[in-house]
Amino acid sequence: EPVLQVEGLMKYYGRGGWFVSREPTKAARDVSFAISRGRTLGIVGESGSGKSTVARCIMRLIDPTDGSIKVGDTEISTLSRQKLRPHRRHIQIVFQDPFRSLNPRWTIGQSLMEGPLNFGQARGEAMARARELLALVGLPEDAIDRYPHQFSGGQRQRIAIARAIAMEPDVLVADEAVSALDVSVQAQVLDLLDELQRKLGIAILFITHDLRVAAQICDEVVVMQKGRIVEHDTAANVLGNP
Ligand code: ADP
Ligand code: ADP
C-alpha cells in the first residue's frame, strides 16, 4: 500500500501573469508514480528534466498546475496552507545544501528539537529524542551543543537527515542529498539512509542526476526527460548492475 501516490502531476512555470506572450515552461508533464513503506524510488534525469519541480510540488513548496498528490489517504495537492500544516510532517526533505535545513545560528540540539516542539512535544522529551537521533546518525553526544559550522559536510548532511527524521515522516525526499559530497563520504551517507530505512520503515524518494549513486540505493527508478517520465522499472533494469 503506497504512502505517497503521485498521479498526472503537471507544473507549468510562467503561465498567466502580465507577460502572457511568453510560452510557459512545462517542467512536469503527466508525472505518475507511487512509493511504499521501506522502498526507495529514484528519480533520475539530466539537469532541467524536472526532478526538483516534482520534489517541490510534493513538498508543496510550489503549487502544482494539475494532478493528484496523495500522502496516505489525504489529497494534499489542493489543501490550503493551514489545512496542510498537520500533514507536513509526514513528508520531510533533505537538500543538497544542509544549510537549507540547518540554521547556522542554532545549536544542533535546537535544530533537532524545533519541529517536534512546534508539534507540541514536551521539551524534555524533545531533548531526549534529539540525543537518540544524534546517536542514530552516528554523531557524538556533545554535538548537541555545537553549531553546524563545527562539522564536516558529511556530518552536516547527517544532522540534516536527523532533523528530517525527528518529525517521524513516512516519506523522506532526498533532493541531490549526497551530490555535493566526496565519493567516500557519499557511500557513508547512503549506508546511513539504508540503515534508517531498515530501522524505521520509511519510504525514500531519492532524486539525483548521478546514475551511479542511484544504482547504489534505489529499488526502483523513474527516468525524467523534459518533464516527462520516459522509463520506470527496477533499478537493475534501468541502470544495469555496475
Ligand atoms: P531538475 O531538478 O531536473 O534540474 P528543474 O525541476 O529544476 O529540473 O527544472 C525543470 C525546468 O523548469 C527547467 O527548464 C527549469 O529551467 C525550469 N524551472 C525551474 N524552476 C523554475 C521557476 N521557478 N521558474 C521558471 N522556470 C523554472
Ligand atoms: P535546484 O538546485 O533546487 O534544482 P536551481 O539551481 O535549478 O534549483 O534553481 C534555483 C532557483 O531558481 C529555484 O528556486 C528555481 O525554482 C529557480 N529557477 C530555476 N530555473 C529557473 C528559470 N528558468 N526561471 C526562473 N527561475 C528558475
Of all helices (runs of 4 or more DSSP H) completely enclosed by segment 51-170, which ones contain at least 3 residues that are farther than 30 Å from Leu211 by Cβ and more than 16 Å from ligand 2 (Cβ to nearest atom)?
81-88, 108-118, 123-136
Can you find even one residue in segment 212-221 that is away from ligand 1 (no atom under 13 Å from the Cβ) and in contact with a His (Cβ under 8 Å, 6 or more places away or on another chain)?
yes
Of all the residues that make up segment 203-221, how many are touching a residue at least 40 places away in the same chain (Cβ under 8 Å) and small (Gly, Ala, Ser)?
2
So how many residues does segment 119-141 have that are acidic (Asp, Glu) and either in contact with a Phe, Trp or Tyr (Cβ under 9 Å, 6 or more places away or on another chain) or modelled with pLDDT under 95 (or both)?
1
For Ser68, state whether it is away from ligand 1 (no atom under 15 Å from the Cβ) and exposed (fewer than 13 other Cβ atoms within 10 Å of the Cβ).
no
Scanning segment 17-50 residue by residue, those assigned to a strand (DSSP E or B) and of a type in the set (S, T, N, Q) turn out to be Thr25, Ser32, Ser36, Thr40
Taking segment 13-37 and the residues there that are of a type in the set (Ser, Thr, Tyr) and modelled with pLDDT of 95 or more, the one that is nearest to ligand 1 (Cβ to nearest atom) would be Ser32
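Per-residue answers, yes or no, for (1) in contact (Cβ under 8 Å) with a residue 12 or more places away in the chain; (2) in contact with an Asp or Glu (Cβ under 7 Å, 6 or more places away or on another chain); (3) surrounded by fewer than 21 Cβ atoms within 10 Å (Cβ to Cβ); (4) closer than 23 Å to Gly50 by Cβ:
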{"position": "Leu190", "(1), (2), (3), (4)": "yes, no, yes, no"}
{"position": "Gly201", "(1), (2), (3), (4)": "yes, no, yes, no"}
{"position": "Val223", "(1), (2), (3), (4)": "yes, yes, yes, yes"}
{"position": "Gly227", "(1), (2), (3), (4)": "yes, no, no, yes"}
{"position": "Ala235", "(1), (2), (3), (4)": "yes, yes, no, yes"}
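The values are calculated or read from the model by the stated rules, or taken from the named source; none is laboratory data. This one's a predicted model, so the numbers in the text were calculated from it and none came from an experiment. Ideal geometry is used to build each Cβ from the backbone, glycine not excepted, and the neighbour counts take in all protein chains shown.
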